[in-house]
Amino acid sequence: MSLLQEVNKEISKLKTKLIKEAKTKGLYENFGNKETRQLRDKFFLQAFGNSIEQRQAMQAITDFELWCMEYTG
């Protein structure tokens, strides 16, 4: 499995978890920040990675971070 596929799979799991959490506990300040940090740490990606795939994976994590900020339930 490629790096990008792994990142997208993990993001999909996190979105499902966060949506469920938002339904039961409601939204809160910094919604999804912890999960975004964990993703960045797990995959240790730099914004300017060496390969196209690294940059695409970083963009996927950034898009996930934006999704968390804009999520309204």
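The values are calculated or read from the model by the stated rules, or taken from the named source; none is laboratory data. Worth saying up front: this structure is predicted, and the values here are computed from it rather than measured. Counting neighbours? That spans all protein chains shown, and the Cβs are built from the backbone with ideal geometry, glycine included. Note: accessible area is taken over every heavy atom of the protein model, side chains too, but ligands, DNA and RNA are not part of it. Shrake-Rupley method; radii C 1.70, N 1.55, O 1.52, S 1.80 Å.
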Of those in the stretch 1-26 that are farther than 16 Å from Gln56 by Cα and touching a helix residue (DSSP H, G or I) at 6+ places or on another chain (Cβ under 9 Å), the residue least open to solvent (accessible area, probe 1.4 Å) is Leu18
Counting only residues in the stretch 62-73 that are of a type outside the set (Asp, Glu) and within 24 Å of Lys25 (Cα to Cα), the one surrounded by the most Cβ atoms within 10 Å (Cβ to Cβ) is identified as Phe64
Leu45 passes all but one of the listed conditions (1) within 15 Å of the chain's Cα centre (by Cα); (2) modelled with pLDDT under 90; (3) open to solvent by 60 Å² or more (accessible area, probe 1.4 Å); the exception is number (3)
